[in-house]
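Input: a single structure, listed below in structure tokens.
The values are calculated or read from the model by the stated rules, or taken from the named source; none is laboratory data. All of these numbers come straight from a predicted model, not from anything done at the bench. Here the Cβ positions follow ideal geometry from the backbone for every residue, glycine too, while neighbour counts run over all protein chains shown.
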Amino acid sequence: MANMVTLTIDGKPVTVPAGTLVIDAAKQAGIDIPAFCYYEGFSVQAACRMCLVEVEKMPKLQPSCALPAAEGMVVHTETPKVVEARKSTIEFLLTNHPLDCPVCDKGGECELQDMTFRYGLGESQFLEIKHHADEKQWSPLVFYDPARCILCYRCIRVCDEGLGVAALGLSYRGVSAEIIPNKGDHLECDECGWCIDVCPVGALTSGTYRYKSRPWEMNYVPAICTHCSNGCKTTLSVRNGEIIRSNNRDRSGINGEFLCVKGRFGFDFVHNEERLQSPLIRKDGKLEPVSWSEALKFVVSRVRETIERNGKFAVIGSTRTTNEENFYLQKFARQGLRTNNIDHHRSGDVITLVDALAGRTDALATVGDLYTCDAALVLGADLAQQHPLLAYQLRANWRHHRSPVFVVTPGPVREDQYAARSLRAEAGGEVERLEELREELKARQNLVVLYGASVKGEAVRRLVAFGDSLGIPVKYVCLVDYVNSRGAVDMGLLPHLGPGYKPVEIPGMHLDAMMAAPDLDVIWVAGANPLEGGREFASKNAFVIVHELFLTETAQRADVVLPSMSLYEKNGTVTNVCGEVQRTKAGPKVMGTKSDLDILGLLAAQLGFDIGIPSQEKVLDEIRRTVRGYNVPLPVLATGGAAQAAVLNGNVPVDAQPEQVRPSGDTLFTSGTLGKYSKRLAQLMEAPGRLFQP
Amino acid sequence: MTFSPELEARFAKMIASYPPGRQKGALIPMLLYAQDEVGAVTDEVIEEVSRRLNVSRVEVEEVLGYYTMLTREPRGKYHLQICTNISCLLTGGEELFQHACRKLGIGNREKTPDGQFSLEEVECLGACSWAPAMQVNYDFHYHMTPEKLDQLIDSLRKLQ
């Protein structure tokens, strides 16, 4: 390998690419050099002087975060001289730092506390009165305590470089220096809260977690964020069955540490007081709470009766339930209810893409590919608003590798800030503009294309044909909107396709047809809200069964409402926008609710449907054995990894029904039903936000 | 907002003198000259300067907070800046400052009610050889004594 250098760190030889910083080289050798301002992946600040090391033949101590490794360099990271220097650094940092650790949220997971402990600093030469500045509230979610701040600039850098928001700055000087928000006395930003997470001390605290708990009192549960399709891993901090906070400090998962406002703060819908905690049955026109056994008995009798008289069923599946539940639901519908009238809210034309990619392998991009690709093309989507993780990945790719991004959207998007070319095209006309980019795209090594819901049907085929004509490897991402939108398609919540895109013999009704059909006897809605915005079922007399978390418009129309669990409350797998399958685990508990899998399992048993044991592991096992592309390695899932489902088979011999694709229109601050019941998202001044605006 | 033709011409020249993409470099002089003309760095000035130089508002505020010669609030017609750094301190700068406070009846970074005088204790003015030194707006005054300060203030009052 060219340009490798070998240096010695604490007696260990380490070989790294030239230009690697000594602090990173040390990490590679398993040596931890402490640092406050240094943050992997962001620009070097060299402000805190904590990472000073001794380098032979250099007269003074060197900051290892700003020192590129060189051939033959001999570095010592814990000599008495270094330890003395670090002690002094901490002593200075503590000059004005209030020692309010007992009431500080950061206590127990504070880097300054850890370092003070590590270097055993009990005394200070400074006897002066500490400089104080009062705490400020910048938004409902972000509080800033300048007295605790050690001016490491981490928050400023993640906001500016990581997200392109640049909402934070540093003003004043000397002991008076402090972080300032972009709107004078408050923040107007993405409210993602990453600044709070990266703060090495308790200067930035979260409006939702402040004074709520100590870090050692909570259980940490690896879950997948239920708000959008990006599939960010979020670690839920759960105490007594309640989610106290959610973040991903251990950088496990495809998102590393990244989360948006919904992932970090939008979990409060779980504990909203309007959560349904008891089944409801319509009695004399009113929904009355009943026991689970009564509700299930009622459903069983009506379903059995409808089956006996050959009645018509329609099943609307969910985009927020697990793959196991979706798979079980379509089995329940097809083998139990004997109907192919099953569909879900489709938010992207995945089917045409899968069909158009026939004969190609390795043509679906992963979230990781967005960081390593040589160029990216975004069509018809406001990535920063609708797919924050994907937007973050592309920005990081541009920051670290200068990989250009090309944008064709109906309005301004944040990617314009750094895009190589930004074209404006009305929704649906994006693909027509591609010729203008041909020469620039052809010159790249490879390309990832991301397209939103406005590109569907024939436009997808034209897009793939354009990609082929470039003569470079092209991968695609069909941007769908909900956490398991992709899983719902793959698991066959479709009237004409079963799991793994296998066509069914007699296609059933799609969603629009179900809504318009006047003669349905039973409409089964498992975790969706098709009646949102005043829509109605044309079948006025249909018996409506709804699994739902809240009394949505659809639940209000129901004859039976079964209170179901949110994704955070159950075990299972979900498939993200890039087709990556990840495992999510149950964190909080809400009394009276059941998972959709349990509900369907109990009903299947009482109805005598022989559709398999309703246990998550058993159903996953069946999925892995029978659904094409889903034979994902279990160890990857078990260890919290993401395994891309290779669903490509091409040649899907059915109409993709692109007219059934409707984008959710969700922004950074909304997420359909769940977002509506998140008070925290609703109270933000930035909410609900708009797409495609400067 | 627009500035006077002279200032507009100055800004245009300044912006053109930085290499492409480095227009940000004109931030401090632009703020200073705009302040001289407008009287303070008002919200409109911040907005205008950030728009012209394509920097965020928070970047402008970073600079504003750091440099004490930039002010958000209008100062007096005569802004008295008295140095109390080491050379001036040893030669009576501190007494000079205290004397100015008593004479004008205001404290550090305050303004007389008639808006004529404002006072500020500043760091080194670069005039150690002639300490104690002070500045009235952009004019230097050297080897100051309380008596010379009285005369100076009285003469400025007469100018009104």
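Assorted remarks:
- A:Phe265 meets each of the listed conditions (1) touching a helix residue (DSSP H, G or I) at 6+ places or on another chain (Cβ under 6 Å); (2) assigned to a loop (DSSP other than H, G, I, E, B); (3) among the hydrophobic types (A, V, I, L, M, F, W, C) apart from (2).
- Options B:Met30, B:Met14; residue that is touching a helix residue (DSSP H, G or I) at 6+ places or on another chain (Cβ under 7 Å), under 24 Å from A:Pro181 (Cβ atoms) and without any contact (Cβ under 8 Å) to a residue 24 or more places away in the chain: B:Met30
- Selection status of A:Val474, under 19 Å from A:Gln393 (Cβ atoms) and either without any contact (Cβ under 8 Å) to a residue 60 or more places away in the chain or of a type outside the set (Lys, Arg) (or both): yes
- Elements of type helices (runs of 4 or more DSSP H) in the stretch A:593-689, at least 3 residues being within 28 Å of A:Ile506 (Cβ to Cβ): A:596-607, A:616-626
- The stretch A:551-589, residues that are surrounded by fewer than 20 Cβ atoms within 10 Å (Cβ to Cβ) and of a type in the set (A, V, I, L, M, F, W, C): A:Leu551, A:Ala586
- The stretch B:102-160, residues that are surrounded by 13 or more Cβ atoms within 10 Å (Cβ to Cβ) and of a type in the set (Gly, Ala, Ser): B:Ser118, B:Ala127, B:Ala131, B:Ala133
- Residue in the stretch A:25-37 that is among the basic types (Lys, Arg) and over 37 Å from the mean Cα position of the chain (by Cα) present: no
- Output for the stretch B:104-149, where each listed residue is within 13 Å of B:Arg75 (Cβ to Cβ) and among the aromatic types (Phe, Trp, Tyr): B:Phe117, B:Tyr138
- Boolean, A:Val142 is aliphatic (A, V, I, L, M), over 24 Å from A:Glu91 (Cα atoms) and away from chain B (no Cβ under 11 Å): yes
- Among the residues of the stretch B:13-29, just one is loosely packed, with under 11 Cβ neighbours inside 10 Å and hydrophobic (A, V, I, L, M, F, W, C), namely B:Ala16.
- A:Val74 fulfils the conditions (1) in contact (Cβ under 8 Å) with a residue 40 or more places away in the chain; (2) closer than 30 Å to A:Arg399 by Cβ; (3) of a type in the set (A, V, I, L, M, F, W, C); (4) in contact with a strand residue (DSSP E or B) (Cβ under 6 Å, 6 or more places away or on another chain) except for a single criterion, (2).
- Scan of the stretch A:157-171 for residues that are in contact with a Leu (Cβ under 8 Å, 6 or more places away or on another chain) and either surrounded by fewer than 23 Cβ atoms within 10 Å (Cβ to Cβ) or among the aromatic types (Phe, Trp, Tyr) (or both), ordered by number: A:Asp160, A:Leu170, A:Ser171
- Residue under evaluation A:Arg210, criteria (1) in contact (Cβ under 8 Å) with a residue 40 or more places away in the chain; (2) basic (Lys, Arg); (3) within 14 Å of chain B (Cβ to nearest Cβ), criterion not met: (3)
- Within the stretch B:48-86, the set of residues being without any contact (Cβ under 8 Å) to a residue 12 or more places away in the chain and either in contact with an Asp or Glu (Cβ under 6 Å, 6 or more places away or on another chain) or within 12 Å of another protein chain (Cβ to nearest Cβ) (or both) comprises B:Ser50, B:Ser56, B:Arg57, B:Val58, B:Glu62, B:Gly65, B:Tyr66.
- Residues of the stretch A:160-194 satisfying the condition of being assigned to a helix (DSSP H, G or I) and within 13 Å of chain B (Cβ to nearest Cβ): A:Asp160, A:Gly174, A:Ser176
- Taking the criterion of being in a helix (DSSP H, G or I), among the β-branched types (Val, Ile, Thr) and either in contact (Cβ under 8 Å) with a residue 60 or more places away in the chain or outside the structural domain of A:Cys199 (by TED's automatic domain parsing) (or both), the only residue of the stretch A:117-159 that qualifies is A:Val158.
- In this structure, B:Leu96 does satisfy being more than 11 Å from every other protein chain (Cβ to nearest Cβ) and part of a helix (DSSP H, G or I).
- Meets criteria (hydroxyl-bearing (Ser, Thr, Tyr) and farther than 19 Å from A:Pro658 by Cα) for A:Ser454: no
- Residue that is farthest from A:Asp382 (Cα to Cα), among those in the stretch A:203-239 that are assigned to a loop (DSSP other than H, G, I, E, B) and in contact with a Pro (Cβ under 9 Å, 6 or more places away or on another chain): A:Ala203
- Filtered residues of the stretch A:180-209 (kept if among the aliphatic types (A, V, I, L, M), surrounded by 24 or more Cβ atoms within 10 Å (Cβ to Cβ) and more than 14 Å from A:Leu163 (Cβ to Cβ)): A:Ile180, A:Ala203, A:Leu204
Conditions tested, residue by residue: (1) in contact with a strand residue (DSSP E or B) (Cβ under 7 Å, 6 or more places away or on another chain); (2) not aliphatic (A, V, I, L, M).
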position: B:Gly21; (1), (2): no, yes
position: B:Gly39; (1), (2): no, yes
position: B:Asp43; (1), (2): no, yes
position: B:Arg57; (1), (2): no, yes
position: B:Met69; (1), (2): no, no
position: B:Glu73; (1), (2): no, yes
position: B:Gln81; (1), (2): yes, yes
position: B:His99; (1), (2): no, yes
position: B:Gly105; (1), (2): no, yes
